[in-house]
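Working notes for the structure below.
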Amino acid sequence: AGKIEAALEMYKEVDKLYLEHLDGADPRRAALYNNMAQALLASGNSKGALEHLQEALAILNISRPYSAECATNNTNIAAIYMSLGDSESAEEYLHKAMEIFESLDYEDAHYPAALGAMAQLMYFKGDYCAAVEHYRSALRKTKDIFGQNADYVRICRNCAKACAKAGMTEDAETMLKMAATAEEKLNSKRSKS
């Protein structure tokens, strides 16, 4: 509801209760720290959010080291490192996230976000071919899990930019056409509802 400070105060109260009544490796504590991190991000406090995400990850590394929650947490930490300009740390966390997602025996809905984040990182590092590869993987996973939704359209456009930078002009044009077609279908569905 936009009341970030009030939310953070409530989270602190919950944290006190959890510290009193839960084991140190209880995944509910990790969930709380993730929520606190999201509130801190919304308030513009990236460094505070990073600290809470790292606390959550420490718990998840003990309680659920090869889980979708752990992989998603690694992706979220990487995103903050990217926003802070630390591409080396971001890449380290993204590799760990992707390793975990790939070890799962099911397709997790957060995996495309990790692939997209890696693509974005490669793009900013100037490795446009690697960016294209990761964007294409993100497209496949997004389509498999969600269909051709708004994220699919955005990834197509980002992939087109990476293709253009990599000198893959025809591929860039194809990606833009795919984005336009998918967006047309989405708009058509919206107008009917």
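Descriptive notes on the structure:
- Here G24 fulfils each of the conditions (1) within 16 Å of the chain's Cα centre (by Cα); (2) open to solvent by 40 Å² or more (accessible area, probe 1.4 Å) apart from (1).
- Test: residue in the stretch 107-115 that is open to solvent by 80 Å² or more (accessible area, probe 1.4 Å), outside any loop (DSSP other than H, G, I, E, B) and either modelled with pLDDT under 95 or among the hydroxyl-bearing types (S, T, Y) (or both): no
- Criterion (out of contact with any Lys or Arg (no Cβ under 6 Å at 6 or more places or on another chain), of a type in the set (G, A, S) and open to solvent by 60 Å² or more (accessible area, probe 1.4 Å)) met by exactly one of A37, A1, A31: A1
- Filtering the stretch 37-72 to residues that are of a type in the set (S, T, N, Q), more than 17 Å from E102 (Cα to Cα) and not in a helix (DSSP H, G or I) leaves S43, N45.
- Test: residue in the stretch 163-173 that is closer than 16 Å to A71 by Cβ and modelled with pLDDT of 95 or more: no
- Residue in the stretch 97-104 that is among the β-branched types (V, I, T), assigned to a helix (DSSP H, G or I) and within 18 Å of R28 (Cα to Cα) present: no
- Test: residue in the stretch 62-72 that is open to solvent by 60 Å² or more (accessible area, probe 1.4 Å), over 17 Å from the mean Cα position of the chain (by Cα) and over 30 Å from A131 (Cα atoms): yes
- Whenever a residue of the stretch 174-188 is within 14 Å of A164 (Cα to Cα), its partners that are open to solvent by 60 Å² or more (accessible area, probe 1.4 Å), lying with C-beta atoms within less than 8 angstrom and at least six residues away or across chains, give the pairs M175/R157; L176/R157.
- Verdict on E92 being free of Cβ contacts under 8 Å to residues at least 24 places away in the same chain, of a type in the set (D, E) and over 22 Å from L40 (Cα atoms): yes
- Per-region count, the stretch 75-99, residues among the small types (G, A, S), surrounded by fewer than 24 Cβ atoms within 10 Å (Cβ to Cβ) and over 11 Å from the mean Cα position of the chain (by Cα): 4
- The stretch 44-68 residues that are over 14 Å from D26 (Cβ atoms), paired with ones that are hydrophobic (A, V, I, L, M, F, W, C) and surrounded by fewer than 18 Cβ atoms within 10 Å (Cβ to Cβ) (beta carbon under 7 Å, 6 or more apart): S46/L84; A68/L104
- Flag for L139 being surrounded by fewer than 21 Cβ atoms within 10 Å (Cβ to Cβ) and without any contact (Cβ under 8 Å) to a residue 60 or more places away in the chain: no
- Among the residues of the stretch 142-191, those identified as part of a helix (DSSP H, G or I), within 19 Å of the chain's Cα centre (by Cα) and polar (S, T, N, Q) are T142, N158.
- When residues in the stretch 116-132 are screened for being among the small types (G, A, S) and either free of Cβ contacts under 8 Å to residues at least 12 places away in the same chain or surrounded by fewer than 21 Cβ atoms within 10 Å (Cβ to Cβ) (or both), 2 of them pass.
The values are calculated or read from the model by the stated rules, or taken from the named source; none is laboratory data. On a predicted model such as this, the values are computed, not experimentally measured, just so you know. Don't worry about glycine lacking a Cβ; one is built from the backbone with ideal geometry, like all the others, and counts go over all protein chains shown. Side chains are part of the model used for accessible areas, which takes the heavy atoms of the whole protein and leaves out ligands, DNA and RNA. Shrake-Rupley method; radii C 1.70, N 1.55, O 1.52, S 1.80 Å.
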